[in-house]
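As structure tokens, the structure follows; a few thoughts come after it.
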Amino acid sequence: MTYAAALGMAVAMTIPNPLSAAVHSAARPANGGTIPRLVTHNGHFTLMVDDKPFFILAAQLHNSSAWPQMLDRSWQSVEALHANTVEAPVYWEQFEPSPGHFDTTNIDALIAKARMSGKRLILLWFGTWKNGQMQYAPEWIKADAKTYPRQLDEHGQPLGDLSTFAPATLQADSHAFGALMAHLRKVDGARHTVIMVQVENEPGTIGAVRDHSPAANAAFNGPVPAAIQQRVGGRAGTWSQLFGADAEEMFNAWANARYINAVAAAGKQVYPLPMYVNCWLRYKDKRYPGMDYPSGGATYNVFDVWRAVSPSIDLIGTDLYTTDATEFRKVLAQYHRPDNPSWISETGFDPKTAPFLYYILANDGIGFSIFGIDNPPSDAQAKAIDAHARNYALLGSIDSLLAQAMADGQLKAAVEALGEPRQTLDFGDWRVTLSFGPPPWGESPAIISNSPDVDGRALVIRLDQQHFLVTGTDVRVEFARAARDGRHGQLLRVEEGKYVGDTWQPQRWLNGDEVDYGINFHKESRLVRVKVGAY
Ligand code: DGJ
């Protein structure tokens with residue numbers, strides 16, 4: 001397919017300077033629903049899809065699975081997981097096999113497959129970067145290092161990264177990304193199968209702390225741009241004067257963020273979907289940029305530099321691979337900021353990471369994505385699917401309600417932690433006590449200890465003054481009235497049931513032994529709606 005065809009004639013003139021009319025019509029597609037967007041309200045972030053709050057429960061395919069012949073097999077895992085969204089790469093080398101000629105075969109197959117199965121898509125643009133390297137750049141870029149030069153290390157040796165100081169490289173990536181977004185606008189502008197795009201993949205430099213190409217050296221020895229000075233509250237000066245020992249890493253962060261922002265802006269001019277950058281994290285005691293992690297990615301220590309120069313990037317995602325709850329929470333706290341929602345762009349496909357989804361719910365996040373779900377059948381694969389499907393199947397049935405409750409500040413969640421077998425959720429006039437561990441029948445033992453696999457979690461949504469929606473795993477949930485007005489609290493009705501669309505359908509009422517000692521949740525997925533009252 002030619003470049004003009006990929007863009008569609010109506011928007012062929014829009015790259016690199018699109019008409020504002022094209023942007024306007026992209027934001028208001030034919031079906032009347034607006035384009036997916038990230039909004040903030042009272043400090044809460046919400047991803048809006050077809051004008052409704054949406055919570056992402058995603059499954060990411062392996063790197064080489066986004067080929068038409070692979071999709072049927074990969075989708076078996078997607079379906080088994082009950083994911084509501086699939087994350088899949090678009091490879092620059094496949095999309096633009098020769099300069100200016102675009103091949104939409106893979107992306108069209110992905111969209112068709114997602115639509116057939118009722119899934120949303122998040123596309124991952126494997127362009128200038130993939131895991132701190134340039135692996136997915138087309139052959140014609142790799143073969144022409146004169147036009148598209150590599151970054152250089154401190155000895156002048158080329159690295160496996162493209163220099164961000166080469167205008168031709170930025171132009172080529174922006175052009176290709178713009179063509180991708182134009183194609184999406186054309187084929188999906190009214191359907192919104194694709195809800196978000198990741199721009200590049202785990203960017204940063206491997207093998208050096210910064211690029212030492214002549215243009216990069218000149219910039220490094222020049223003044224720190226005003227936007228960075230303002231953001232970090234510094235005076236004027238060179239990178240070394242302002243940042244001392246961290247100067248090279250800060251400089252590389254600026255160089256990468258500026259470049260990726262320009263690529264994102266080229267795409268947004270055509271079709272402004274929410275866009276994010278995923279981060280190979282500086283965590284688990286890793287300290288050395290360029291060795292332990294790609295230098296100049298959006299790691300927490302350079303986050304302000306990133307945000308200062310990337311207005312076209314809506315958020316930063318975390319590729320958070322750990323089964324250690326303390327480490328997981330530490331990273332969440334670093335990235336859950338007034339200017340960034342919690343977004344697990346990747347986590348390990350391990351049963352142990354399943355409870356961690358509830359940390360994202362507790363931290364007002366926009367979603368959770370599990371990496372590498374399409375493995376061949378094995379015991380380990382079956383166990384991982386089973387653990388995560390229990391979350392996804394149940395939460396997927398209320399994904400919009402979840403996201404709305406978060407936006408309204410009416411959702412609270414907790415995860416079992418060692419040494420904290422009992423936790424409370426405070427709803428003002430009502431307090432909900434959670435006792436983790438497989439609940440015994442009857443009274444709880446006086447001393448509660450953690451369950452053997454420490455995988456308890458619970459979620460409580462306040463639906464209105466009198467109604468709460470509750471779910472959990474290995475947890476006993478007890479309601480107590482906390483208002484100090486001399487009145488007593490009582491459970492008026494406890495229903496087990498499900499949502500069909502927006503409608504609650506009770507299947508039975510729980511009473512007697514099923515509520516006398518709290519409402520007990522074991523491994524099976526259950527939704528319970530509680531009506532409380534005072535007397
Ligand atoms: C993080 C990358 O973003 C993914 O594409 C994949 O390579 C995983 N690492 C593998 O663990």
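Remark: the range 260-276, residue by residue, has Karplus-estimated 3J(HN,Hα) of 5, 4, 5, 4, 4, 4, 4, x, 5, 4, 8, 8, x, 5, x, 10, 9 Hz, where x stands for each Gly or Pro and the curve is 6.51 cos²θ - 1.76 cosθ + 1.60 at θ = phi - 60°. Ordering of 458-469, 259-270 by packing is 259-270, 458-469, highest average first (other Cβ atoms within 10 Å, averaged per residue). Based on protein heavy atoms only, the chain ends up with 40 Å² per residue of surface accessible to a 1.4 Å probe.
Assign one of three labels to the range 411-534, namely rounded, prolate or oblate, based on the Cα gyration tensor with a ≥ b ≥ c the square roots of its eigenvalues; rounded applies when a/c is under 1.5, prolate when it is not and a/b is larger than b/c, and oblate otherwise. Taking the square roots of the gyration eigenvalues as a ≥ b ≥ c, the range 411-534 is oblate. Taken about its Cα centre, the chain carries a charge dipole of about 1060 debye when Lys and Arg each add +1 at the Cβ and Asp and Glu each add -1 at the Cβ.
Simple spin-label estimate for E524 and K330 gives 4.0 nm between the two label positions (7 Å along the Cα-to-Cβ direction from each Cα).
Dipole magnitude for the range 411-534: computed about the Cα centre from +1 point charges on Lys and Arg Cβ and -1 point charges on Asp and Glu Cβ, it is near 360 debye. Would you mind computing, in nm to one decimal, how far apart the modelled labels at H488 and R235 are, each placed 7 Å from Cα along Cα→Cβ? Between H488 and R235, the simple spin-label model gives 7.0 nm.
Remark: the Cα gyration tensor places the range 240-338 in the oblate category, a/c being 1.5 or greater and a/b not exceeding b/c. Mean residue ellipticity, 222 nm, helices only, the chain: the sum of -39500 (n - 2.57) across DSSP H runs of n ≥ 4, divided by residue count and rounded to 500, is -9000 deg cm²/dmol. Note on the range 3-407: with neighbouring protein chains present and a 1.4 Å probe, carbon and sulfur make up 55 percent of its accessible heavy-atom surface. In this label model, D516 and K286 are separated by 5.4 nm, measuring between points 7 Å along each Cα→Cβ vector.
Across the accessible surface of the range 411-534, with the other protein chains kept in place and a 1.4 Å probe, carbon and sulfur atoms take up 46 percent.
The values are calculated or read from the model by the stated rules, or taken from the named source; none is laboratory data. All figures in this text were calculated on a predicted structure; none of them were measured in a lab. We place every Cβ from the backbone using ideal geometry, glycine too, and count neighbours over all the protein chains shown. Each accessible area value is taken on the protein alone, full model and side chains, heavy atoms only, with ligands, DNA and RNA left out. Shrake-Rupley method; radii C 1.70, N 1.55, O 1.52, S 1.80 Å.
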